[in-house]
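Student: I'd like to ask some things about the structure below.
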Amino acid sequence: MLKHVQLSPYRTRSADTFSLSSNTSYSSLSPEPLSSRSSSYSSLSDASPSTTIKVYARCLRADIEYKTLSITFQTTCREVVQSLLNKYRMRHRDPNLFYLTMEVTVRKAGVRTVLVLDEEARPAALQSCQPRGDSRFALQTRRGGLVKIYDSVLMPGSQYKSLLISCRTTVDELIQILLNCYNSKDRVEQFSLYEVCKSQESQRKLHPDDRPLEVQQRWLPSHEYHFLIRRNVDYKSRSRTKWHVEQVVVPWTPSLSLPCSSRQSLSLSSPEPSHPEYENYFYI
């Protein structure tokens, strides 16, 4: 029985085939030099070959069975998840809530194995290692929690927004999801997230790498806490100051080439050449 096997683009046909004629000895079947192999790998990666994968994504919506995506052999699982959310206009969903699994089937033994893929795993490369039809990808969900963020700074008519996020989602990632909800083109660095305690009339600015869901789990029921997003007032001034500093050009003066003891004796209002007798010469 013949099986149709999908060949990986990382393997060349010349490296997998050789002649079995009577005048050929096994000693002549020497492996290909490492340098030529490295060059062939780099040329394949530069070409970025593409293939298609089928991802079963019923967890997104009940009417979605699967989605066929065209990806390269360098595409990671995280990029596949983000592509699925973009295609179904679910940019308000947290990408950290989803992950990919790969189901591998051994037909002769009748065994099925489900592998949980890492975010940096490459589905196309993994699929090419299996016979066609013996593997399938599925989108799965992680457990998360609801957070309430008062976001009137983003939308004046909005009081707050409740989002389902993962435990690993950071403050910057949460702000990016909020910006996606309103199709805002603002940068994440323009905003900060605050932990506000209404009963104690206090607030604390969260670090960009803090995880809001973990912060929320430490809140006491007797205290009234909530999250508040604010715009960084000094963001524009800091960027303008940085631009101004980069544009400052300090003119060269002869005093810069003298020792420190000699610079103080010169006046910048009426500079004099340090070597007047050599001013008509060119130096190489």
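The values are calculated or read from the model by the stated rules, or taken from the named source; none is laboratory data. Because the structure is a prediction, the values reported are computed rather than measured. Cβ sites come from the backbone with ideal geometry, for glycine too, and all protein chains shown count toward neighbours. In case anyone asks, the SASA skips ligands and DNA or RNA and just uses the protein heavy atoms, side chains included. Shrake-Rupley method; radii C 1.70, N 1.55, O 1.52, S 1.80 Å.
Student: Can you tell me how much longer the chain between ARG168 and ARG218 gets when fully stretched, taken as 0.36 nm per residue apart minus their C-alpha distance, in nm with one decimal?
Tutor: Separation in residues times 0.36 nm, less the Cα-Cα distance, equals 16.5 nm.
Student: Please identify every one of the GluC sites (Glu not before Pro) in region 138-224 that sits in a loop by DSSP and has no more than 10 other beta carbons within 10 Å of its own beta carbon. Please report the intermediate quantities before stating the final value.
Tutor: Working: sites: GLU173, GLU189, GLU195, GLU201, GLU214, GLU224; in loops: GLU201, GLU224.
Filter output for region 138-224: GLU201.
Student: As an exercise, use a Förster radius of 45 Å and the Cβ-Cβ distance of CYS181 and ARG112 to find the FRET efficiency, rounded to the nearest 0.05. Kindly include the intermediate steps, with their values, before the conclusion.
Tutor: Details: r = 39 Å, r/R0 = 0.86.
After rounding, the FRET efficiency stands at 0.70.
Student: In addition: Give the accessible area for LEU220 in Å² (nearest 10); use a 1.4 Å probe, count only protein heavy atoms, and leave out ligands, DNA and RNA.
Tutor: The accessible area comes out at roughly 100 Å².
Student: Given a 1.4 Å probe and heavy atoms of the protein chains only, how would you sort LEU115, LEU69, LEU146, largest accessible area at the top? Let's see the in-between values first.
Tutor: On the way: LEU115 80, LEU69 5, LEU146 115 Å².
The ranking, largest first, comes out as LEU146, LEU115, LEU69.
Student: Moving on to the next point. Expected output is a single nm value to one decimal: the length gained when fully extending between SER83 and ASP209, i.e. 0.36 nm times separation in residues minus the C-alpha distance. What is it? List each step's numbers first, then the result.
Tutor: Details: separation 126, 0.36 × 126 = 45.36 nm, distance 2.42 nm.
That pair, SER83 and ASP209, stretches by 42.9 nm at full extension.
Student: Sorted by accessible area (1.4 Å probe), largest first, how do VAL188, VAL153 line up?
Tutor: Values: VAL188 20, VAL153 50 Å².
Listed by decreasing accessible area, they come as VAL153, VAL188.
Student: Below 21 Å, Cα to Cα, which lysines can LYS67 reach? Residues fewer than 8 away in the same chain don't count.
Tutor: LYS54, LYS87
Student: What order do LEU126, LEU164 take when sorted by accessible area (1.4 Å probe), most exposed first?
Tutor: The most accessible residue leads, giving LEU164, LEU126.
Student: Net charge within 10 Å of THR76 by Cβ-Cβ distance, Lys/Arg positive one each and Asp/Glu negative one each, not counting THR76 itself? Don't skip to the end; give the middle numbers.
Tutor: Working: positive: ARG78, ARG122; negative: GLU79, ASP118, GLU119, GLU120.
Its environment carries a net charge of -2.
Student: OK, next. Compute, for TYR235, the solvent-accessible surface of its heavy atoms (probe 1.4 Å) with the complete set of protein chains present, and express it in square angstrom to the nearest 10.
Tutor: Looks like 50 Å² after rounding.
Student: So between GLN140 and HIS226, what do we pick up on full extension, going 0.36 nm a residue minus the alpha carbon distance? Let's see the in-between values first.
Tutor: On the way: separation 86, 0.36 × 86 = 30.96 nm, distance 2.97 nm.
The span from GLN140 to HIS226 would gain 28.0 nm if fully extended.
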